[in-house]
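Down below is the structure, laid out as structure tokens.
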Amino acid sequence: MAKGIIKRYDFRKGFGFIADDKSGEDFFFHKSEWQGDGPIRQGLAVKFVDKDSDKGPQAESVIPLDGGSKPSSNKKPAAKPASLEDRVASLESSVGTWKVLSFLALAGVIALAVEKFVL
């Protein structure tokens, strides 16, 4: 297995690149190849199986060197922190809700103004 560092990762598109420790060559990887428990993030040391594809070097079975998660010393299982993808999705949902509520408030103000000037 080769070792490297995650150079870039785009969580919205679900892929990134790993810089090989020995050669410095960039290997493409898809999130479906991620074997860790934790989030995928830039600068994380990983090991992987290198493969040549028709589009260039590719990484398979990407495993974080730290194991991907830390064991908990508590008897209760610790709550898993929300991944960046989950936090962004929640934020996008909140922004959508805010837009709808703002539109409804503006429509209410306009309706009150029209009612006042018509009467």
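The values are calculated or read from the model by the stated rules, or taken from the named source; none is laboratory data. In this text the structure is predicted, and so the values were computed from the model without any measurement. We place every Cβ from the backbone using ideal geometry, glycine too, and count neighbours over all the protein chains shown.
Of the set (1) in contact with an Asp or Glu (Cβ under 6 Å, 6 or more places away or on another chain); (2) at pLDDT below 90, all apply to P81 but (1).
Summed over segment 26-60, residues that are modelled with pLDDT of 90 or more and surrounded by 15 or more Cβ atoms within 10 Å (Cβ to Cβ) total 17.
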